[in-house]
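Report on the structure given below.
The values are calculated or read from the model by the stated rules, or taken from the named source; none is laboratory data. Source: prediction; values computed, not measured. Every residue, glycine among them, receives a Cβ derived from its backbone with ideal geometry; neighbour counts consider all protein chains shown. Heavy atoms of the whole protein, side chains included, go into the accessibility calculation; ligands, DNA and RNA do not. Shrake-Rupley method; radii C 1.70, N 1.55, O 1.52, S 1.80 Å.
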Amino acid sequence: MPIRINRREFQELVREALTDLPDEFAAAMKNIAVVVEEEPSAEDLASVGLDPEQDDLYGLYQGVPLPERGPDAPVLPDRIAIYRLPILWDCETREQVVAEVRTTVIHELGHYFGLDEDELPP
């Protein structure tokens, strides 16, 4: 049976992961929204080359990475979605959820800062 953490509690875990970032990273975050969603859509999975029938996703960065922005930076914010249900399905304890949320937030922020997949934490 998966661990139960309601949406409000899960949002608080995401907020804590963001609050715990080193000051230099937090200060560099501009025009980005971090949201909690229940699970990725089939389109979200397909956009990163995953099979909606077999794969799952914990988080997704959507936007233009900082190093690729020119003088005409987008007006709309970049977006990071953290998916609650896949994380809960794969974790057995609250401690595992806390660790996975933190890892996922850092991973997706790595994309925002322009890191390639092989440069990111697992």
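So if R0 is 22 Å, what FRET efficiency would Ala28 and Asp56 give, r being the distance between their Cβ atoms, rounded to the nearest 0.05?
Working: r = 29 Å, r/R0 = 1.34.
That pair, Ala28 with Asp56, gives E of 0.15.
Would you mind calculating the relative contact order of the chain from Cα pairs under 8 angstrom and at least 6 residues apart, reporting the percent as a whole number? Write out the running numbers ahead of the final one.
Details: 147 pairs, mean separation 39.9, N = 122.
Value for the chain: 33 percent.
Of all GluC sites (Glu not before Pro) in segment 50-122, which ones are in loop regions per DSSP and have a Cβ with at most 12 other Cβ atoms within 10 Å? Please list the in-between numbers first.
Details: sites: Glu53, Glu68, Glu92, Glu95, Glu100, Glu108, Glu117, Glu119; in loops: Glu53, Glu92.
Of the GluC sites (Glu not before Pro), the ones in loops of segment 50-122 whose Cβ has at most 12 other Cβ atoms within 10 Å are Glu53, Glu92.
Amide H to amide H, which residues 5 or more places from Val34 or on other chains are under 5 Å from it, using H placed in the peptide plane?
So Val34 has HN proximity to Ile80.
Which entry in (i) 6.6; (ii) 13.5; (iii) 8.1 is this structure's computed mean projected area of the Cα convex hull in nm²?
Among (i) 6.6; (ii) 13.5; (iii) 8.1, the one derived from this structure is (iii).
Which whole-Hz couplings ³J(HN,Hα) result when phi for each residue of segment 104-117 is put into the Karplus expression 6.51 cos²θ - 1.76 cosθ + 1.60, θ = phi - 60°, listed in order with x for Gly and Pro?
5, 4, 5, 4, 5, 5, x, 4, 4, 7, x, 7, 7, 4
Apply the Karplus parameterisation 6.51 cos²θ - 1.76 cosθ + 1.60, with θ equal to phi minus 60°, to every residue of segment 85-90 and state each ³J(HN,Hα) to the nearest whole Hz, in sequence, with x for glycine and proline.
Using θ = phi - 60°, the values come out as 5, x, 5, 5, 4, 9 Hz.
Of Thr19, Thr93, Thr104, which has the most accessible area with a 1.4 Å probe, and how do the rest follow in descending order?
Working: Thr19 90, Thr93 55, Thr104 5 Å².
Sorted descending by solvent-accessible area, the residues read Thr19, Thr93, Thr104.
Would you mind pulling out the separation of the Cα centroids of segment 85-112 and segment 2-77, in Å?
About 11 Å separates the Cα centre of segment 85-112 from the one of segment 2-77.
From the phi angles alone, apply the Karplus equation (6.51, -1.76, 1.60; θ = phi - 60°) to segment 44-53 and give each ³J(HN,Hα) in whole Hz, x where the residue is Gly or Pro.
With the stated coefficients, segment 44-53 comes to 4, 5, 5, 5, 10, x, 9, 8, x, 7 Hz.
Rounded to the nearest 500, what is the 222 nm mean residue ellipticity of the chain from helices alone, with -39500 (n - 2.57) per DSSP H run of 4+ residues and division by all residues? Each step should come with its number before you reach the end.
On the way: 5 runs with 51 residues, N = 122.
Using -39500 (n - 2.57) per qualifying helix, the result is -12500 deg cm²/dmol.
Roll a 1.4 angstrom probe over the protein heavy atoms and tell me the percent of accessible area of the chain that is carbon or sulfur. Mind dumping the intermediate values first?
Values: 3890 of 7500 Å².
Accessible surface attributable to carbon and sulfur in the chain totals 52 percent.
Probe of 1.4 angstrom, ligands and nucleic acids ignored: what's the accessible area per residue over the chain, in square angstrom?
Numbers: 7500 Å² over 122 residues.
Each residue of the chain exposes 61 Å² on average to a 1.4 Å probe.
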